[in-house]
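Here the structure is laid out as structure tokens; the discussion comes afterwards.
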Amino acid sequence: MRRALILLVVCSALFSAPAAAVWVRLVAIGPNYAQLEINQSTVRTLRPGDDTPEGVRLLALTASHAEVQANGITQKLALGQKMAPMALLQADTRGHYLTEATINGRRTRAVVDTGATGVSLNRSEAERLGIAWQSGRQVTMQTAAGNRPGYVVTLDSVQVGSIVLRQVDAVISSQPDAPAITLLGMSFLGRVEMKQQGNQLLLMQLR
């Protein structure tokens with residue numbers, strides 16, 4: 001977990017629409033100020049309590065660390081360390097990682113599924129989220145009940161925690177109730193870094 005410098009993280013609520021992801025790196029510490037590189041392009045000098053236009057706040061400073069708030073999380077950074085949009089998921093009693101995701105600006109319950117090629121939704125949930133699945137490319141899905149038609153679409157955005165990914169492939173089942181819950185498959189998970197620690201799973205957005 002980037003050497004356990006993450007203070008713990010969790011947004012009190014997910015946004016109803018995707019927010020811009022911010023990457024932050026601590027490049028210098030001075031007397032009562034820190035210099036932060038934001039989105040690998042802009043270096044800003046901040047004093048404790050200062051905010052940047054990108055939504056980054058410097059909370060506190062020590063001689064060796066800066067406590068920074070961005071993407072709805074708080075993290076202590078040492079010199080050269082980076083922070084990225086992330087989500088920390090807790091396993092349930094069956095070992096499944098359930099979370100709230102926001103797809104195209106609307107919320108849905110989802111479960112991490114590394115065995116699924118893409119994000120997968122049933123027809124009823126897709127319609128509730130306003131996804132025009134009928135215009136997708138038809139494919140054959142293998143299910144416990146046999147082969148069923150599905151439709152491949154591209155989602156405008158998928159957000160989990162402070163991670164926001166755009167143009168994410170998804171498969172919509174023609175069945176109204178299967179899968180029973182939205183599956184976060186590899187079209188999403190393949191674009192994040194995953195670190196499992198005990199019964200927690202940390203997802204960090206890749207640049």
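The values are calculated or read from the model by the stated rules, or taken from the named source; none is laboratory data. Note that the structure is predicted; figures quoted are calculated from it, not measured. The protein model used for the area step is the full one, side chains on, heavy atoms only, and it has no ligands, DNA or RNA in it. Shrake-Rupley method; radii C 1.70, N 1.55, O 1.52, S 1.80 Å.
Phi angles across the stretch 81-91 convert, under the Karplus curve 6.51 cos²θ - 1.76 cosθ + 1.60 with θ = phi - 60°, into 3J(HN,Hα) values of 6, 10, 10, 10, x, 8, 9, 10, 10, 10, 6 Hz, Gly and Pro given as x. Amide H contacts of residue 122 (H built 1.01 Å from N, in plane; Pro and chain starts excluded): 173 sit under 5 Å, all sequence-distant by 5 or more or on other chains.
Each of (1) 12.2; (2) 13.4; (3) 10.9 is a candidate for mean projected area of the Cα convex hull in nm²; the one calculated from this structure is (1). Surface analysis of the chain yields an accessible area of 49 Å² per residue, using protein heavy atoms and a 1.4 Å probe.
Summary value for the stretch 68-184: 30 percent relative contact order, contacts being C-alpha pairs under 8 angstrom separated by 6+ residues.
Considering only protein heavy atoms and a probe of 1.4 Å, how much of the accessible area of the stretch 100-207 is carbon and sulfur, as a whole percent? Carbon plus sulfur share of accessible area: 45 percent. For residue 50, the residues whose amide H sits under 5 Å from its own are 58, ignoring neighbours fewer than 5 places away on the same chain, with H placed 1.01 Å from N.
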